[in-house]
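Everything on this sheet refers to the single structure shown next.
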Amino acid sequence: MVTKEHIIHWLQQFASAIAQNKEYLTQLDAAIGDADHGINMDRGFQKVSNQLPNFAAQDISNILKSVSMTLISSVGGASGPLYGSFFLRASTAVAGKQELSNEDMVSLLQAGLDGVLQRGKAQLGDKTMIDALSPAVTTFTQVISEGKSTPEAIQQATVAAEQGMKATIPIVAKKGRASYLGDRSINHQDPGATSVYLMLQSLSEVLAICS
């Protein structure tokens, strides 16, 4: 089971990972975007981090909804609406839950992915966060269906996200600011796919420690 405490620790770990990689994410974005992905994500997740002590009395759904509202209101550029959509749709998939089964985690991640797809209109191969998130969710769902545990499934999903992130390097961007560059977007790793990898890596680390 994934508990409410796991979720809170995950959000803290992700906020720390964003802070540690803020300059790296910004450098990636400087090559093909507005050079603000790391700065914007760090601003939003520092606010999330500051609010975590207030989440103890909430169920998992409301925690995720609060994260969504914080990100939408404080993260600039495309990242706020996209990550906000991920956490908002994830929250609706686990309404009223204090702990999450393997099947709940599948629903959470799939709903989050669906929210990003609906908001951003990007597809796999467009050189966006979808290139890391979609294969991760597919892998997670497959591994759970094979009877493995959530920590094992998240670990393999994180590997899939890393592979998807690296796969953005040689392709042409078809969405967002990077798409304006055409072939000049080749040989650059997508910053959104990179932050998705950090998000899943953070969850994997928390579940490995706590399981």
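Please list, in order along segment 13-19, the HN-Hα scalar couplings obtained from phi with the Karplus expression 6.51 cos²θ - 1.76 cosθ + 1.60 (θ = phi - 60°), rounded to whole Hz, x for Gly and Pro.
5, 5, 4, 5, 5, 5, 4
So what are the ³J(HN,Hα) numbers for segment 75-83, from phi and the Karplus equation (6.51, -1.76, 1.60; θ = phi - 60°), rounded to whole Hz, Gly and Pro as x?
In residue order, the calculated couplings are 9, x, x, 7, 5, x, x, 6, 5 Hz.
What value, in deg cm²/dmol to 500, does the helix sum -39500 (n - 2.57) over DSSP H runs of n ≥ 4 give at 222 nm once divided by the residues of the chain? Mind dumping the intermediate values first?
Working: 9 runs with 146 residues, N = 211.
-23000 deg cm²/dmol, from helical runs alone.
With Kirkwood radius over Cα pairs in Å defined as stated, name the option among (1) 20.7; (2) 17.4; (3) 16.8 computed from the structure displayed.
Of the labelled values, this structure produces (3).
Going by amide H atoms built from the backbone, whose H comes under 5 Å of the H on residue 168, apart from near neighbours?
Counting only residues 5 or more places away or on other chains, the set is 190.
Using θ = phi - 60° and the Karplus relation 6.51 cos²θ - 1.76 cosθ + 1.60, list the HN-Hα couplings for segment 128-144 in order, rounded to whole Hz, with x at every Gly or Pro.
Rounded to whole hertz, the list is 9, 4, 4, 5, 9, 6, 5, x, 5, 5, 4, 5, 4, 4, 5, 5, 4.
Pairs of Cα atoms under 8 Å, at least six residues apart: use those to get the relative contact order of segment 64-211, whole percent. Show your work: numbers first, answer last.
Details: 233 pairs, mean separation 29.0, N = 148.
Averaging sequence separation for qualifying contacts and normalising by length gives 20 percent for segment 64-211.
Under a GNM of the chain (C-alpha, springs under 10 Å), which listed residue has the highest mean-square fluctuation: 65, 127, 175?
175
Return one number: the angle in degrees, 0 to 90 and rounded to the nearest 10, between the long axis of the Cα atoms of helix 22-32 and the longest principal axis of the Cα atoms of the chain.
The two axes meet at around 40 degrees.
To the nearest 10 degrees, how steep is helix 150-167 against the longest Cα principal axis of the chain, on a 0 to 90 scale?
Long axis of 150-167 versus the principal axis of the chain: about 0 degrees.
Can you give me the long-range amide H partners of residue 3? Hydrogens built in the peptide plane at 1.01 Å from N, cutoff under 5 Å, separation of 5 or more residues or another chain.
100
Based on the mean of other Cβ atoms within 10 Å per residue, sort peptides 138-146, 25-33, 82-90 so the most packed one is first.
Details: 138-146: 18.1, 25-33: 21.0, 82-90: 24.3.
Averaged packing, sorted descending, gives the order 82-90, 25-33, 138-146.
Evaluate 2.2 N^0.38 Å with N set to the residue count of segment 65-168, then give the Cα radius of gyration divided by it. If you can, show how the numbers build up before the last one.
Numbers: Rg = 13.6 Å, N = 104, 2.2 N^0.38 = 12.8 Å.
Normalised Cα radius of gyration, segment 65-168: 1.06.
In whole percent, what relative contact order does segment 32-93 give with Cα contacts below 8 Å and a gap of six or more residues?
Working: 60 pairs, mean separation 24.0, N = 62.
In percent, rounded to a whole number, it is 39.
For the chain, take the longest principal axis of its alpha carbons; what is the angle in degrees between that and the long axis of helix 102-120, to the nearest 10 within 0 to 90?
With both axes taken from Cα atoms, the answer is about 30 degrees.
All of the numbers you see were taken from the coordinates with simple rules; none came from a lab. Values in this document were obtained by computation on a predicted structure and should not be read as measured data. No Cβ is skipped: glycine too gets one built from the backbone with ideal geometry, and neighbour counts run over all protein chains shown.
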